[in-house]
Amino acid sequence: MPLNVRQIDTAKPREKEYKLTDGGGLYLLVKPNGAKYWRLKYRVMGKEKKLSIGVYPDISLADARLKREEARKVVALGGDPSEEKRVEKLAQKANVENNFKAIALEWHEYKRTGWSKGYADDLMEAFENDIFPDLGKRPITDIKPLEMLTTLRKLEKRGVLDKLRKIRQACNQVFRYAIVTGRAESNPASELSSALATPKSQHFPHLLAEELPEFLQALEAYSGSPITRLATRILMLTGVRTIELRLAEWKEFDFDKAIWEVPKERMKMRRPHMVPLSIQVVEALREIQSVTGRYSLVFPGRNDITKPMSEASINQVLKRIGYHGKATGHGFRHTMSTILHEQGYNTAWIELQLAHVDKNTIRGTYNHAQYLEQRREMLQWYGDYVDALRLNKSFAKVS
């Protein structure tokens, strides 16, 4: 006879598990610990199989009977309820595991071997701060273009258009990766560029030689953090990229030889870069060392010494001394290149110092120590030249 709710509720556990049959293959399995499980017996191609339906009372008697009828329809159509349930569980598991964050992390790990460490870290920081809070837990197959656009427009409203372009392109790559690995069928980020503001294509703002004296005096008078002031000075005197400076570690510097070796993982072209240190740069580093020398990073963050100072730190210095829009950290490279070329220094020396790879200028196999002594002399001239401008002293040009 069919079961009723009273029979189920009053069923007591026994020494061994036992069944209460409802009919049509449905029964309640009562365990020795008192737990009660719905099960369904059915046959597929003459073979008896069992389907787990759920736990009582989470699944009521009426619910269990409904699921029994659904399963019988599947069998009548030639299907297998257990197999369908297994496939459904796999799909649910895939939805959990194949959320946007999981696939973005997988893509990032796969691609980072071809990136500098600084670029990889900056990109992940952008994902963590600007994309994952909105989309990280969403199944990648469920994300629609409007949802992607809404998230990216938050960056647009903040005016960080260069960052917006970089993270939009990265999201586009994540969806493409999901498609080729069989976990998505469409790319909701592929057509968003026309719906978002783009940064104006222009050179980084940079200073001309005649603008340097006033700038240097303003920098010298900067009353904020001496670490970021000195970082700005070192950036200006070495011509390295901001990211190469921010992540610098003390172990990279050999003060006896006055050399800084930037590891290849942090370089844009994935080659180690040797930077000769002028007297001015060594003095600035020694001053910084008295404050941060006990840490691994030369320029640790204010709130977390295990992380580098913010990518905006140097540009904030420039903004506070009145040079917002007139100079940038990257623009110092252009200023250095212009002045050194005007002084007649060898283009190959300059390009190597800037870690450019110009096959027409630097022939043969790349050697990161190439022209080291010539570059050392060139950078010392440049350090002396900048100091003379800062002090309003006359300075001899290169003969």
Quiz item: Pulled fully out, how much extra length does the chain show between Q217 and K41, if you take 0.36 nm times their separation in residues and subtract their Cα-Cα distance?
Solution: 54.6 nm
Quiz item: K31: which lysines have alpha carbons under 22 Å from its alpha carbon, excluding same-chain residues fewer than 8 sequence positions away?
Solution: K12, K16, K19, K41, K49, K50, K67
Quiz prompt | Rg and Dmax of segment 49-201, Cα atoms only, in Å | solution = 21.3, 68
Quiz item: Which lysines does K326 reach when only Cα atoms under 19 Å apart count, and residues fewer than 8 places away in its own chain are ignored?
Solution: K200
Self-check item: For segment 166-240, with +1 on Lys and Arg beta carbons and -1 on Asp and Glu, the positive-most of V240, L196, A184 along the dipole
Solution: A184
Quiz prompt | Alpha-carbon radius of gyration plus Dmax, which is the widest Cα pair, for segment 257-363 in Å | solution = 16.1, 45
Quiz item: Distance in nm between label sites at Y18 and K144, each 7 Å beyond Cα in the beta-carbon direction?
Solution: 5.5 nm
Quiz item: Working from the pairwise distances between different alpha carbons, so that the mean of 1/r is found and then inverted, what is segment 181-309's Kirkwood radius in Å?
Solution: 17.5 Å
Exercise. Take the eigenvalues of the Cα gyration tensor for segment 1-77, scale each by 5, and report the square roots as semi-axes in whole Å, largest first.
Key: 23, 14, 10
Quiz prompt | Label-point separation in nm, L372 to E125, each point 7 Å along Cα→Cβ | solution = 3.1 nm
Quiz item: Of H324, H273, H206, which is the most mobile in a GNM of the chain whose springs link Cα atoms less than 10 angstrom apart?
Solution: H324
Practice problem: Return the calculated 222 nm mean residue ellipticity for the chain, to the nearest 500 deg cm²/dmol, obtained by summing -39500 (n - 2.57) across DSSP H runs with n ≥ 4 and dividing by the residue count. | Solution: -14500 deg cm²/dmol
Quiz item: Looking at segment 242-330, which chymotrypsin sites (Phe, Trp or Tyr not before Pro) are in a loop (DSSP not H, G, I, E or B) and have at most 16 other Cβ atoms within 10 Å?
Solution: F255, Y295
Practice problem: Could you work out how far helix 100-111 tilts from the main Cα principal axis of the chain, as a 0 to 90 degree angle to the nearest 10? | Solution: 50 degrees
Quiz prompt | Accessible area expressed per residue, the chain, with surrounding protein chains retained (probe 1.4 Å, Å²) | solution = 56 Å²
Exercise. Over the chain, with every protein chain in place, what whole percent of the accessible area is carbon and sulfur at 1.4 Å, could you tell me?
Key: 50 percent
Quiz prompt | E97 paired with E342, simple spin-label distance in nm, labels 7 Å along Cα-to-beta-carbon | solution = 6.2 nm
Quiz item: What does the charge dipole of the chain about its Cα centre add up to, to the nearest 20 debye, if the Cβ of each Lys and Arg holds +1 and the Cβ of each Asp and Glu holds -1?
Solution: 1960 debye
Quiz item: Check G54: other-chain or 5+ apart residues with amide H under 5 Å from its amide H, H built from backbone geometry?
Solution: W38
Quiz item: Relative to the present Cα-Cα distance, how much length would full extension add between E252 and R176 at 0.36 nm per residue of separation?
Solution: 23.6 nm
Practice problem: May I ask you to list the aspartates and glutamates whose Cα is less than 19 Å away from that of K251, ignoring any residue fewer than eight positions away on the same chain? | Solution: E261, E265, E283, E287
Self-check item: segment 126-258: relative contact order as a whole-number percent, Cα under 8 Å and 6+ apart
Solution: 19 percent
Practice problem: Using a Förster distance of 56 angstrom, determine the FRET efficiency expected from the C-beta separation of Q289 and V87, and round it to 0.05. | Solution: 0.35
Practice problem: State the dimensionless ratio Rg/Rh of the chain (Rg: radius of gyration of Cα atoms; Rh: Kirkwood radius). | Solution: 1.24
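The values are calculated or read from the model by the stated rules, or taken from the named source; none is laboratory data. These numbers come from a predicted model, not from an experiment. Cβ atoms come from the backbone with ideal geometry, glycine included; neighbour counts cover every protein chain shown. Heavy atoms of the whole protein, side chains included, go into the accessibility calculation; ligands, DNA and RNA do not. Shrake-Rupley method; radii C 1.70, N 1.55, O 1.52, S 1.80 Å.
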